[in-house]
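What follows is a short report on a single structure.
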Amino acid sequence: MENENTGAYILKAGLVSPAGGSPEQLLSAVPAAPVPLDYPGQKAALKTAGYRCDLSEAKALLGPMKLRRLGRLQTMTLLAAKKAGLSAEACAGDTGVYMGTGLGSMGETAAFLENMVLNGEEFPKPANFINSVHNAAASSLALEYAIKGENITVAHRDISFDAALGHGVSALAKGRLKRAVVCGADELNYYHLLAAEEKGLWKDGAGPLRPLAGGTTRGTSPGEGAAVFLLSSGAAEGALAKVLGARTARYRYDASTYLDPAASADFLCGLLAACGVKPEETGLLLSGADGDCALDAVYLRTAAELGRRAGRLVPHGSFKQYCGDYKAASGFGFGLAALLLSSGTVPPGLFPNGTAAPGPVSTVLSYTISRSGSHSAALLRSL
Amino acid sequence: MKREVVITGAGILSAAGASVGETWQALKEGRDGLRPFSLFPSARYAGIPAGQLQADLPALSGLGGGSRSDHLAVAAARQAFSQSFPGGLPDPARAGVILGACVGGMADSEVFLERLLRTGARETELLHFHECASSADAVAGTLGLYGPCETISTACSSGQNAICLAAELILSGESDVMLAGGTDSLSRLTVNGFGSLLLMDPQGCRPFDEERKGMSLGEGAAVLALESAGSAARRNARVLARLSGWAATCDAHHAAAPSPEGEGIQRAMRGALAGAGLSPGDIQYISAHGTATPDNDRAEAAAIKAVFGEQTPPVSSIKRAFGHTFAAAGAIETLACVLALQHQAVPPNAGLNRQDPACPVKIQRDFAACKLSNVMSLSLGFGGNNNCLILSAAGQAQ
């Protein structure tokens, strides 16, 4: 039976994504094709298409003066916070920040180093250096909203958001804080795109990503985004959903199956059990499937094994067709899960063509596999 | 029964030494570990004092490939692991790793960038170990840890935050054993970055000195084996120290400078004391972050005085021994606190000539034997990040 004393309430959610930011936009979005990624002035043009956020609102919402001092990751994060309706009042008192970002402020780091290489060491740009640290976005949130509690940034590949979420939920559960601002953000960056392109990690062509649709091609399409949530240990009117728990672990790499589905199901069932939820209560498995046929196959085998343990088919959807692949993308998936639990609407676009959307769901299990050897999960329940 | 976190192993690699024993000897002597910087060509910074390692890092780590930070982390983790688990782990699924890291494989990424911009060469294999996460992955992979594997990147407080979050996972019951600490290598980004902020002292760092002009950079790693007291007791493991309290706060004052009165540092110290169930009078030594920048030392001293009053316990910054090692700094200084408790002695504040009157705390000038039951380590970072951790002697009853 679910333990009523664990977990945290999701009071507010704000998303900056290539598919838009408002709940209405996101819940009715139709997966779109990625767009060409143009970086004028760079040595080599990219062939890759990707999912890029429109930040045109930033000037009006954040103000031009502030915008001049921020890197792209900080801008996306503060914009998501504005969309969440965060305020200094809502964050007053015992509030902490838990940020997940896989690559941090790549743009600011690159800007500092490009200048150093091209112009020598005599004319550095200190602002780029200050903004280059991985915790620059979390620091910007603290400054913007006067948040004086713990300020933690997790930078661990694809599990960054879920790990940050886990630490935030744990701090609330132990009473160290009353509220936690949990975020996940990563930005598109030329050098990251170029390096991955050279390795063949991106899909050829510019067709829409179709995870879980039985595709036979390797690779994915890059994306970016920011998600900001205000969590509370106490219930409040208007809360979107409850997060029951989140956890991360390493997995044993298996050369033939990548990740043994029994091991991934063990991991997921471990989280469910810790939250007092039975496998058969899982209404939706929302995975980080990214259209790469090898990784999609692992997710599909995991869903099948989870279904076997639940004694029924567990509906399995994905979200990267909306936002592309980026390290902290599970934050976007988490936001989508919170919105669908709050609205009772399950977007049909979560499922591959021909798969019927399930009816209203009350429990969503979000699952992310990182190719580097870790996996992570978060469990949400409707109120 | 309340879970408690203890330390059963420690490993370190820095300009002060390649083992725990060498490090303590260097600290005891108040040795200056800074040498002229030469890791990569630099028109502006060549020869400045820095805590640069000369050791053959791949030989120490045993890693086939990896960034300089990865080698440092794995070498330190091997020391901690072999001290704590000479017979192997009781349950690898209940053992994880959290490291603080800021730089990752940046030194190689900088070579990639320079060659791309100058010649168009796309040597993307140089980026293979770019991510900060690479070091924790390397530690987990090398030692066969299958619990949580995470990287904390909160600038210079990363290592100490990593230790505290690892302890939290043990207290939550998610893990029994966590290797935790920090690692960072020198890179052009950090040397030029702190140089651009005019925060480096050409004479080498002189924490709390009236004439101090800034920090000296360094590189290194420190890893502690944290364990639930129950797990340590079941194994009959030797406990080096206990983690009795910790707290983290944010100034929310400035992106790169501390609040002048150290208000956030004060809250961190008070939070850690409350968590440990101790009062200021129970602390016998404070390991300061002590970067030797004018702002940091003044704010830190103001905070210590505000919490401890006129009669502060002995305070020292040990950064002259190995430089400011960014994400590793808090882990190295926590390890130094473990050693202080074990040896019942306080390491001196090397590099001090005349104490800054604007830093009115009791700076420890010389190595001194004294009775230590509880010691405090402060670790601060960009973004107004503050972490305070309290360690207690192994045998001390709660």
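From A:Ser376, A:Ser370, which residue is closer than 23 Å to A:Thr6 by Cβ and either within 14 Å of chain B (Cβ to nearest Cβ) or surrounded by 24 or more Cβ atoms within 10 Å (Cβ to Cβ) (or both)?
Details: A:Ser370 fails: closer than 23 Å to A:Thr6 by Cβ.
Selected residue: A:Ser376, the only one of A:Ser376, A:Ser370 that is closer than 23 Å to A:Thr6 by Cβ and either within 14 Å of chain B (Cβ to nearest Cβ) or surrounded by 24 or more Cβ atoms within 10 Å (Cβ to Cβ) (or both).
Just checking: which of the helices (runs of 4 or more DSSP H) contained wholly in the stretch A:235-347 hold 2 or more residues that are under 14 Å from A:Ala377 (Cβ atoms)?
Details: elements: A:261-274, A:293-310, A:320-323, A:330-343.
Here the list reads A:261-274, A:293-310, A:330-343.
Anything in the stretch B:293-334 that is surrounded by 24 or more Cβ atoms within 10 Å (Cβ to Cβ) and at positive phi? List them, or say none.
Correct list: B:Gly323, B:Phe326.
Kindly indicate the residue of the stretch A:125-170 that is surrounded by fewer than 20 Cβ atoms within 10 Å (Cβ to Cβ) and over 19 Å from A:Met99 (Cβ atoms) and also nearest to the other protein chains (Cβ to nearest Cβ) among those meeting that condition.
A:Pro126
Matching residues to (1) in contact with a His (Cβ under 7 Å, 6 or more places away or on another chain); (2) more than 20 Å from A:Glu224 (Cβ to Cβ):
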position	(1), (2)
A:Met99	no, no
A:Met106	yes, no
A:Val117	no, yes
A:Glu122	no, yes
A:His134	no, no
A:Asp158	no, no
A:Asn189	no, no
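Quick one: B:Leu127 ticks every box in (1) facing chain A (nearest Cβ under 7 Å); (2) surrounded by fewer than 19 Cβ atoms within 10 Å (Cβ to Cβ) bar one, so which box is it?
In the conditions (1) facing chain A (nearest Cβ under 7 Å); (2) surrounded by fewer than 19 Cβ atoms within 10 Å (Cβ to Cβ), B:Leu127 misses (2) alone.
Keeping to the stretch B:99-124, report how many residues are more than 9 Å from chain A (Cβ to nearest Cβ) and either within 30 Å of B:Ala225 (Cα to Cα) or buried (at least 24 other Cβ atoms within 10 Å of the Cβ) (or both).
6
Surrounded by fewer than 24 Cβ atoms within 10 Å (Cβ to Cβ) and either touching a residue at least 12 places away in the same chain (Cβ under 8 Å) or in the same structural domain as B:Gly100 (by TED's automatic domain parsing) (or both), is that true of B:Ser231? Step through it out loud before you land on a result.
Numbers: surrounded by fewer than 24 Cβ atoms within 10 Å (Cβ to Cβ): yes; either touching a residue at least 12 places away in the same chain (Cβ under 8 Å) or in the same structural domain as B:Gly100 (by TED's automatic domain parsing) (or both): yes.
So B:Ser231 fits the description; yes.
Can you find a residue that is assigned to a strand (DSSP E or B) and either in contact (Cβ under 8 Å) with a residue 40 or more places away in the chain or crowded, with 24+ Cβ neighbours inside 10 Å (or both) anywhere in the stretch A:207-218? It would help to see each step written out before you state the result.
Going through the stretch A:207-218, the residues assigned to a strand (DSSP E or B) turn out to be none.
No, the stretch A:207-218 contains no residue that is assigned to a strand (DSSP E or B) and either in contact (Cβ under 8 Å) with a residue 40 or more places away in the chain or crowded, with 24+ Cβ neighbours inside 10 Å (or both).
Condition test on B:Gly173, is it at pLDDT below 95, within 11 Å of another protein chain (Cβ to nearest Cβ) and closer than 29 Å to A:Lys174 by Cα? Steps first, please.
Numbers: at pLDDT below 95: yes; within 11 Å of another protein chain (Cβ to nearest Cβ): yes; closer than 29 Å to A:Lys174 by Cα: yes.
When the stated conditions are applied, B:Gly173 passes them.
Within the stretch B:277-316, restricting attention to residues that are among the polar types (S, T, N, Q) and modelled with pLDDT of 95 or more, which residue is farthest from B:Ile265 (Cα to Cα)? Lay out the reasoning, then the answer.
Looking only at the stretch B:277-316, we keep the residues that are among the polar types (S, T, N, Q), and these are B:279, B:284, B:287, B:291, B:293, B:296, B:311-312, B:316.
If we keep only those that are modelled with pLDDT of 95 or more as well, we get B:279, B:284, B:287, B:291, B:293, B:296, B:312, B:316.
Values: B:Ser279: 16, B:Gln284: 18, B:Ser287: 13, B:Thr291: 14, B:Thr293: 16, B:Asn296: 11, B:Thr312: 15, B:Ser316: 16 Å.
It comes out as B:Gln284.
Suppose we filter A:Gly107, A:Gly100 for residues that are surrounded by fewer than 24 Cβ atoms within 10 Å (Cβ to Cβ), under 29 Å from B:Ala107 (Cα atoms), modelled with pLDDT of 95 or more and in contact with a Leu (Cβ under 8 Å, 6 or more places away or on another chain); which single one remains? Spell out how you get there, then give the answer.
Working: A:Gly100 fails: surrounded by fewer than 24 Cβ atoms within 10 Å (Cβ to Cβ).
Among A:Gly107, A:Gly100, only A:Gly107 is surrounded by fewer than 24 Cβ atoms within 10 Å (Cβ to Cβ), under 29 Å from B:Ala107 (Cα atoms), modelled with pLDDT of 95 or more and in contact with a Leu (Cβ under 8 Å, 6 or more places away or on another chain).
Exactly one of (1) under 30 Å from A:Lys83 (Cα atoms); (2) in a loop (DSSP other than H, G, I, E, B) is unmet by A:Thr368. Its number?
(2)
Looking only at residues in the stretch B:1-17 that are within 26 Å of B:Leu352 (Cβ to Cβ) and among the aliphatic types (A, V, I, L, M), which one is surrounded by the most Cβ atoms within 10 Å (Cβ to Cβ)?
First pass over the stretch B:1-17, keeping only residues within 26 Å of B:Leu352 (Cβ to Cβ): B:12-17.
Still in the running and among the aliphatic types (A, V, I, L, M): B:12-13, B:15-16.
Details: B:Ile12: 31, B:Leu13: 33, B:Ala15: 26, B:Ala16: 26.
If we take residues in the stretch B:1-17 being within 26 Å of B:Leu352 (Cβ to Cβ) and among the aliphatic types (A, V, I, L, M), then B:Leu13 is surrounded by the most Cβ atoms within 10 Å (Cβ to Cβ).
Quick check: is even one residue across the stretch B:365-375 closer than 18 Å to B:Leu27 by Cα, surrounded by fewer than 22 Cβ atoms within 10 Å (Cβ to Cβ) and polar (S, T, N, Q)? If you could, list the steps in order and put the result at the bottom.
Within the stretch B:365-375, the subset closer than 18 Å to B:Leu27 by Cα is B:365-372, B:375.
Within this subset, residues satisfying the condition of being surrounded by fewer than 22 Cβ atoms within 10 Å (Cβ to Cβ) are B:365-371.
If we keep only those that are polar (S, T, N, Q) as well, we get none.
There is no residue in the stretch B:365-375 that is closer than 18 Å to B:Leu27 by Cα, surrounded by fewer than 22 Cβ atoms within 10 Å (Cβ to Cβ) and polar (S, T, N, Q).
Could you list, in sequence order, all residues of the stretch B:168-195 that are within 24 Å of B:Glu131 (Cα to Cα) and small (Gly, Ala, Ser)?
Step one: of the stretch B:168-195, the residues within 24 Å of B:Glu131 (Cα to Cα) are B:169, B:178-195.
If the condition is that a residue be within 24 Å of B:Glu131 (Cα to Cα) and small (Gly, Ala, Ser), then B:Ala180, B:Gly181, B:Gly182, B:Ser185, B:Ser187, B:Gly193, B:Gly195 are the ones that fit.
On the given criteria, is A:Ala195 at pLDDT 95 or above, within 14 Å of another protein chain (Cβ to nearest Cβ) and part of a helix (DSSP H, G or I)?
Numbers: at pLDDT 95 or above: no; within 14 Å of another protein chain (Cβ to nearest Cβ): yes; part of a helix (DSSP H, G or I): yes.
So A:Ala195 does not fit the description; no.
For the stretch B:344-358, which positions are more than 14 Å from B:Lys28 (Cα to Cα) and among the small types (Gly, Ala, Ser)? Outline the logic, then answer.
Residues of the stretch B:344-358 more than 14 Å from B:Lys28 (Cα to Cα): B:352-358.
B:Ala358 - this is the single residue of the stretch B:344-358 that is more than 14 Å from B:Lys28 (Cα to Cα) and among the small types (Gly, Ala, Ser).
For the stretch B:237-255, which positions are of a type in the set (Gly, Ala, Ser) and either touching a Ser or Thr at 6+ places or on another chain (Cβ under 6 Å) or facing chain A (nearest Cβ under 7 Å) (or both)?
B:Ala237, B:Ser244, B:Ala248, B:Ala252, B:Ala255
Would you say A:Met99 is in contact (Cβ under 8 Å) with a residue 24 or more places away in the chain, more than 7 Å from chain B (Cβ to nearest Cβ) and closer than 17 Å to B:His130 by Cβ?
Values: in contact (Cβ under 8 Å) with a residue 24 or more places away in the chain: yes; more than 7 Å from chain B (Cβ to nearest Cβ): yes; closer than 17 Å to B:His130 by Cβ: no.
It is false that A:Met99 is in contact (Cβ under 8 Å) with a residue 24 or more places away in the chain, more than 7 Å from chain B (Cβ to nearest Cβ) and closer than 17 Å to B:His130 by Cβ.
Hey, could you check the stretch B:135-144 for residues that are out of contact with any His (no Cβ under 8 Å at 6 or more places or on another chain) and of a type in the set (Gly, Ala, Ser) and say which is nearest to the other protein chains (Cβ to nearest Cβ)? Before the answer, list the steps.
We begin by selecting, within the stretch B:135-144, every residue out of contact with any His (no Cβ under 8 Å at 6 or more places or on another chain); these are B:135, B:137-144.
After this cut, where a residue has to be of a type in the set (Gly, Ala, Ser) as well, the list is B:135, B:138, B:140-141, B:144.
Details: B:Ser135: 10, B:Ala138: 10, B:Ala140: 5, B:Gly141: 7, B:Gly144: 9 Å.
Ranking the candidates gives B:Ala140 first.
Can you name the residue in the stretch B:167-202 that is among the polar types (S, T, N, Q) and free of Cβ contacts under 8 Å to residues at least 40 places away in the same chain and, of all such residues, is surrounded by the fewest Cβ atoms within 10 Å (Cβ to Cβ)?
Per the criteria, the residue is B:Ser172.
Inspect the stretch B:156-170 for any residue being within 13 Å of chain A (Cβ to nearest Cβ) and in a loop (DSSP other than H, G, I, E, B) and give the result as yes or no.
Checked against the condition, which is being within 13 Å of chain A (Cβ to nearest Cβ) and in a loop (DSSP other than H, G, I, E, B), the stretch B:156-170 yields no hits at all.
Please enumerate the residues belonging to the stretch B:17-56 that are at pLDDT 95 or above, under 23 Å from B:Val97 (Cβ atoms) and out of contact with any strand residue (DSSP E or B) (no Cβ under 6 Å at 6 or more places or on another chain).
Passing the criteria: B:Gly17, B:Ala18, B:Ser19, B:Leu53.
Would it be correct to say that B:Gly245 is over 27 Å from B:Ser82 (Cβ atoms), among the small types (Gly, Ala, Ser), touching a Gly at 6+ places or on another chain (Cβ under 6 Å) and surrounded by fewer than 24 Cβ atoms within 10 Å (Cβ to Cβ)? Steps first, answer last, please.
Numbers: over 27 Å from B:Ser82 (Cβ atoms): yes; among the small types (Gly, Ala, Ser): yes; touching a Gly at 6+ places or on another chain (Cβ under 6 Å): yes; surrounded by fewer than 24 Cβ atoms within 10 Å (Cβ to Cβ): yes.
It is true that B:Gly245 is over 27 Å from B:Ser82 (Cβ atoms), among the small types (Gly, Ala, Ser), touching a Gly at 6+ places or on another chain (Cβ under 6 Å) and surrounded by fewer than 24 Cβ atoms within 10 Å (Cβ to Cβ).
The values are calculated or read from the model by the stated rules, or taken from the named source; none is laboratory data. Only a predicted model underlies this, so the values are computations on that prediction, with no experimental measurement involved. Reconstructed Cβ throughout: ideal geometry from the backbone, glycine too, with neighbour counts over all protein chains shown.
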